[in-house]
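Okay, structure first, notes after.
Laboratory data are not the source of any read-out in this text; all were calculated from the coordinates shown. As the structure is a computational prediction, the values presented were derived from the model and not from experiment. Cβ placement follows ideal geometry from the backbone for every residue including glycine, while neighbour counts extend to all protein chains displayed.
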Amino acid sequence: MDNKRRELLKMMGIGTASAAVGVLPAAVGLGNAQAATVVKKVVVIGGGFGGSTVAKYLKLWGQGKIAVTHVDMNTTYTSPILSNLILNGQKTLPNLTFSLATAAARNGNRFISGKAVIDRDNRKVLVTKADGSIVKLAYDKVVLSPGVDFNYLPSMSFANGTLSDKILPIPHAWKSGNQVINLKNQIDKMPAKTGTFVLCIPKKPYRCPPGPYERACVVADIIKRVKGGGKLIVFDANTANPLTPTDKYSAIQAETHTFTTAFTGQFAGIVEYVSNAELLEVGSVGGQFGSKFASVKLGDGSIRNVSAQVLNVLPEHKAGDIAFAAGLIPLGSRFVPVDLQSYASTADPNVHVIGDAHSSSQPKAGHVANSEAKVCADAIVREFGILPPRFADEVPVTNSACYSPITHQTASWLTAGYRYNPATATMDRVVESFNEAETPSADTFSV
Ligand SMILES: Cc1cc2nc3c(=O)[nH]c(=O)nc-3n(C[C@H](O)[C@H](O)[C@H](O)COP(=O)(O)OP(=O)(O)OC[C@H]3O[C@@H](n4cnc5c(N)ncnc54)[C@H](O)[C@@H]3O)c2cc1C
């Protein structure tokens, strides 16, 4: 039977890719091998791209032997993917908002809405619900996909939760939701022809490598098309590629060709791109719609101060707070180290961490979080004995895809694949899989 399974994999041309393998054994009749006799309890925390996928596949591949409880602090999930199109009015928040209870019911899982913490000593997840009551969930495994939180500059401390997302003067708008509406309102109020928008990009790693440049393009398109002119200054904390140190555009973290072409071509005269720009301080005079300022240290050591009607700062990223509270992150690190064959935390094999919160060379992106979720679900199902262990030569593969609107009518794309390297215990990029659109097109936009 093992040979039959191996032959089937070869015929399908997927080699030893365990992300895909996870679904196959049941299909070739191995589902009853080493069947587990007890129902295992898994608590999935996070209803985003990672959490929702792993909850679905644990149920699907668990063959009735896994009880999945899915927890999120909200009752709905609002996607950051496509949220830049809210800024130009082509999407709305309801377009990107999904009911987590509906998804859980469809998957046959239980859903609880509330803020979770993990008590690793007693193997329990404690969920504080909106009414203040606490639900205690015992677990065999936790899968955590809490996304990111931020390290704010001291001058942005007001942004750290003391003001409502709806009235923040300097929103990041990087988790979707009300901050994106806030940012849109500020753009709408920018004056015609003379307005200035400043976008500050943090050092990598951050969520969605092309995302900030995509935002720059969408805003530049609004400035050009709707406002009839104005300025967008992009301060990028990342530095030029050491192989091309004089080419500032080589600091662009993804789809370098696409965004360089857009900034220097159709948006020339609107976009000023500054690499190696370390943000020192920000401020706001006159509340949400007043004027803003930013102070930036440039590569030559000089300081540049700018004022703007709209200031959009993406702060330094770190794993969601729950991962720090659970003691999963070593001192001095910002993301959770994991075994990339199962996404088990190196601090606790019963807590798996996927998506933006874990540490690896894979991009922090929803598509790759979906892939990681399948690798993780596959590993857990096998560890529970519901499916047989992986063959020794089967290694996880994942893939990533990004969709980048450039204008209100054109978009670009990026793909990358990753394969586990047993020698280094890393996910290495598969060279042939790395590609970006030759040119943004209306065809890609409409997909
Ligand atoms: C503008 C923009 C464009 C993007 N475009 C793309 C794209 O084209 N392609 C792509 O692949 N990716 C894209 N991304 C990136 C993508 O959105 C993220 O990488 C993805 O959302 C990460 O998924 P996640 O599951 O790790 O976290 P999230 O999706 O952030 O989900 C985390 C969930 O955990 C919950 N949570 C956190 N802490 C707790 C707690 N203590 N208790 C209960 N619940 C908790 C949160 O409420 C949230 O629902 C984009 C991002 C942005 C900002």
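With contacts defined as alpha carbon pairs under 8 Å and 6 or more residues apart, what's the relative contact order of region 122-173 in percent?
After rounding, I find 21 percent.
Using a Debye calculation, one point per C-alpha and no hydration shell, please list log10 I(q)/I(0) for the chain at q = 0.06, 0.09, 0.10 Å⁻¹ in order.
Summing over Cα pairs of the chain leads to -0.27, -0.61, -0.75.
For region 395-447, what does the relative contact order come out to in percent, with C-alpha contacts under 8 Å and a separation of six or more?
37 percent
Among HIS70, HIS257, HIS367, what is the fewest-to-most ranking by other Cβ atoms within 10 Å?
With the fewest neighbours first, HIS70, HIS257, HIS367 line up as HIS257, HIS367, HIS70.
Modelling each spin label as a point 7 Å along the Cα-to-Cβ direction, I'd like the LEU243/GLU272 distance in nm, to one decimal.
The answer from the label model is 3.1 nm.
Rule-of-thumb check for region 151-314: C-alpha Rg over 2.2 N^0.38 Å?
In units of the globular-protein estimate, region 151-314 measures up at 0.98.
Averaging sequence separations of C-alpha pairs under 8 Å and six or more residues apart, then dividing by the length of the chain, give the relative contact order as a whole percent.
This gives 18 percent for the chain.
Among the complete DSSP H segments of the chain, which ones combine at least 24 Å of alpha-carbon extent along their axis with a mean Kyte-Doolittle hydropathy of -0.5 or more?
For the chain, where a helix must reach 24 Å along its axis and average at least -0.5, the hits are 366-383.
What ranking of HIS408, HIS172, HIS358 emerges when the number of other C-beta atoms within 10 Å of each C-beta is taken as an exposure proxy, fewest first?
Fewest to most other Cβ atoms nearby, the residues stand as HIS408, HIS172, HIS358.
For labels at PHE391 and LEU82 in the simple 7 Å Cα→Cβ model, what's the distance in nm?
That separation, rounded to one decimal, is 3.9 nm.
Neighbouring Cβ atoms within 10 Å as the yardstick, rank CYS376, CYS200 fewest first.
By the 10 Å Cβ count, ascending, the order reads CYS200, CYS376.
What full-extension length gain, to one decimal in nm, is calculated for ALA401 and LYS203 as 0.36 nm per residue of separation minus the Cα-Cα distance?
Extending this stretch completely gives an extra 69.2 nm.
Counting only the backbone N, which residues of region 368-384 are under 14 Å from the spot 7 Å out from the Cα of PHE98 toward its beta-carbon?
Residues 368-371, 373-374 qualify, since their backbone N sits under 14 Å from the label point.
Can you work out the FRET efficiency for the pair THR439 and VAL226, with r the C-beta to C-beta distance and R0 = 25 Å, to the nearest 0.05?
0.60
If I model a spin label at ASN421 and GLN63 as a point 7 Å from the Cα along the Cα→Cβ vector, what separation in nanometres do I get?
Result: 3.6 nm between the two label points.
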